[in-house]
Amino acid sequence: MNAHAIEAPEMKATPAGRDRRPGLARLTRVELRKMVDTRSGFWLQLAVLGLSVLAVLITVLWGHEDDKTFIQILSNALQPAGILLPVVGILLVSSEWSQRTALVSFALVPERPRLLIAKVLAGVVLALAATAVGLLFAVIGTALASTDLHHVWSMPAGLFLQDLVYVVTAMIIGIGFGAALQSSAPAIVLYFALPVAFAALGSIHALSGVVDWINTAEALEPLTTEVMSGHQWAQGVVALALWIGVPSAIGLWRLTRRDVG
Amino acid sequence: MIEAEKLTKRFGGRAVVDDVTFRCEPGTVTGFLGPNGAGKTTTMRMICGFSTPDSGHAGVLGGEYRALPNPGRRVGVLLDASAQHGGRRGREALAISAMTMGVEEKRVDDLLGLVGLDRPAARKRVRQYSLGMRQRLGIANALIGEPEVLILDEPANGLDPEGMRWMRGLLRDFAERGGTVLLSSHLLHEVDAIADRLVIIGSGKIVAQGSKEELLSDAGTLVRADDRAALGRALAAAGLEAREADDGGFLVDAEPRAVGAAAQGGGVALVHLAPAGDAGLEQLFFDLTSDNGKEGEE
């Protein structure tokens with residue numbers, strides 16, 4: 001027991017920080033912590049690490065000789081992050097509703113858009129960290145796989161930047177889906193089902209040209225494998241703008257308009 | 001200080017909260033009493049900026065809750081004890097709140113001790129908590145920022161008698177140090193044990209409010225006689241409004257003096273004549289519950 005623990009503030013001078021708004025940096029650190037301190041968050045991230053190691057190992061041990069390049073191994077190492085981190089992003093937002101923690105979070109941070117911004121920033125930090133880890137695995141994997149030092153290590157800087165774009169945007173799209181749907185299961189299902197649905201649309205000949213511009217699966221496919229041309233970038237940027245912009249806008253609108261219950 | 005002024009909220013055309021006005025002053029514990037579905041939760045959520053009133057105004061500490069720069073340091077809020085991530089450990093849930101509002105994390109351990117969650121309990125995931133443990137965690141969460149105002153929705157729900165006594169001591173102490181407390185309950189005995197002021201709500205409207213003494217003195221007179229029928233006639237003859245009380249007597253809407261005189265006029269020997277007090281409050285609340293209790297959950 002601590003007798004001082006509930007001392008009312010009138011008893012002393014108002015402590016510093018009492019009326020200081022929590023800064024975005026602090027809120028981002030809080031959101032980062034919230035991503036890893038739940039059981040689901042912890043296992044998802046362990047899964048990303050484990051699968052990344054597995055992807056590198058499989059490529060190194062059983063991959064085709066032509067695939068044992070740094071570019072390819074890094075691309076494989078980043079796939080688990082690209083696929084699973086968005087789920088972490090979805091849960092970071094949707095669990096505020098499904099676990100009803102919004103009642104606590106919004107009580108502490110009533111400016112809800114700030115909370116969403118902090119979540120996006122935390123997502124970006126986590127995505128960068130995941131890329132760094134993937135990079136480390138890929139370096140180790142490539143060193144183990146190859147004897148041909150000159151050939152396999154070459155990697156254009158542009159391609160590495162594209163890898164970063166791939167992981168970071170996947171995370172942000174996930175957060176957008178979580179914010180738009182405010183419910184974990186539908187957000188996860190839709191996140192994985194929509195690209196498939198778009199791909200199906202793309203198989204209709206008349207629509208295939210359009211789908212190349214709006215579906216991330218097609219538009220972003222070259223991100224981790226080749227330095228993209230101007231045309232490919234145009235398609236990628238359009239698709240990303242759509243996949244980030246639309247869910248985020250819906251999410252922001254619901255977040256600010258809707259009563260929390 | 002907490003203020004609600006002509007607060008109104010409609011859901012699908014029905015006024016869930018209807019012209020609700022009350023104030024909670026520093027140094028008091030106000031019990032917000034009403035049956036389930038009476039509008040307590042909606043009112044409290046409007047005060048905390050979770051829900052926008054259709055008309056009227058709600059505020060804390062002289063302004064809107066949402067305008068507070070770091071609300072956790074001024075107002076401690078527990079809106080739903082179940083609103084914690086089931087996959088997070090109890091201590092971690094508090095640590096996150098402390099970090100958000102910029103409070104040192106070591107205070108978390110002080111608070112866990114204060115609310116009686118020991119080390120093994122603090123390490124458990126919230127999913128494994130009983131409702132009583134969640135309430136304790138929620139109260140610790142509300143207290144982390146050393147607030148001067150507490151807003152607690154049904155905090156006694158799920159607490160055992162020992163827990164109730166503990167909470168009473170905690171909140172009384174908080175109020176005596178100058179804090180303001182608003183807590184809701186659908187059970188009279190909970191509020192009766194903890195609060196010194198009452199705001200009673202039914203079907204979204206304030207039915208009665210005031211200090212417990214005021215409400216008790218307004219509660220009427222409880223009178224009993226062996227010859228019940230004669231007493232009933234005597235009260236009717238004196239023009240006093242009387243209802244049959246649970247224990248065989250009458251609850252009369254008048255001062256004991258007037259009731260005694262009426263009995264004397266009718267020549268009835270009384271066995272009991274006293275201000276209704278708690279029994280009257282219970283009757284008032286019972287009438288409320290039986291009128292409005294059918295409207296379902298909030």
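List of remarks:
- 10 Å Cβ neighbours from other chains, averaged over peptide B:170-179: 3
- Choice from B:Val16, B:Val103, B:Val271 with maximal GNM fluctuation in chain B (Cα, 10 Å cutoff): B:Val271
- Placing +1 on each Lys and Arg Cβ and -1 on each Asp and Glu Cβ, with no other charges, gives the protein assembly as shown a dipole about its Cα centre of roughly 980 debye.
- When the helices of the protein assembly as shown are scored as -39500 (n - 2.57) per DSSP H run of n ≥ 4 and the total is divided over every residue, the value at 222 nm lands at -18000 deg cm²/dmol.
- B:Ile144, A:Ile214, A:Ile175 arranged by Cβ crowding within 10 Å, fewest neighbours leading: A:Ile214, B:Ile144, A:Ile175
- Estimated translational diffusion coefficient (Stokes-Einstein, Kirkwood radius over Cα pairs, 10 °C, 1.306 mPa s) of the protein assembly as shown: 58 µm² per second.
- Within chain A, helices built from complete DSSP H runs that reach 27 Å or longer along their own axis (Cα positions) and carry a mean Kyte-Doolittle hydropathy of 1.6 or higher are A:39-62, A:112-145, A:157-181, A:184-202.
- Ordering of B:76-84, B:207-215, A:193-201, B:111-119 by packing is B:76-84, B:111-119, B:207-215, A:193-201, highest average first (other Cβ atoms within 10 Å, averaged per residue).
- The three principal axes of the C-alpha atoms in chain A carry coordinate ranges of 73, 47, 29 Å, sorted with the longest axis first.
- Mean partner shielding of peptide B:90-101, defined as the number of other chain Cβ atoms within 10 Å of each residue Cβ, is 5.
- Going from the residue with the fewest nearby Cβ atoms within 10 Å to the one with the most, A:Lys68, B:Lys40 rank A:Lys68, B:Lys40.
- Cβ crowding within 10 Å ranks A:Trp62, A:Trp243 as A:Trp62, A:Trp243, fewest other Cβ atoms first.
- Farthest toward positive dipole pole in the stretch B:1-142 [+1 Lys/Arg, -1 Asp/Glu at C-beta], among B:His85, B:Val108, B:Met1: B:His85
- Averaging the sequence gap over all C-alpha pairs within less than 8 Å and six or more residues apart, then dividing by the number of residues, gives chain B a relative contact order of 23 percent.
- Distant-in-sequence amide H partners of B:Gly202 (H built 1.01 Å from N, under 5 Å): B:Val207
- Evaluating 6.51 cos²θ - 1.76 cosθ + 1.60 at θ = phi - 60° for every residue in the stretch B:3-18, the Karplus couplings come out as 10, 10, 10, 6, 5, 9, 9, 10, 10, x, x, 8, 6, 7, 10, 10 Hz, glycine and proline recorded as x.
- Surface/4 estimate of mean projected area, convex hull on alpha-carbon atoms of chain B, nm²: 17.4 nm²
All of the numbers you see were taken from the coordinates with simple rules; none came from a lab. Only a predicted model underlies this, so the values are computations on that prediction, with no experimental measurement involved. Reconstructed Cβ throughout: ideal geometry from the backbone, glycine too, with neighbour counts over all protein chains shown.
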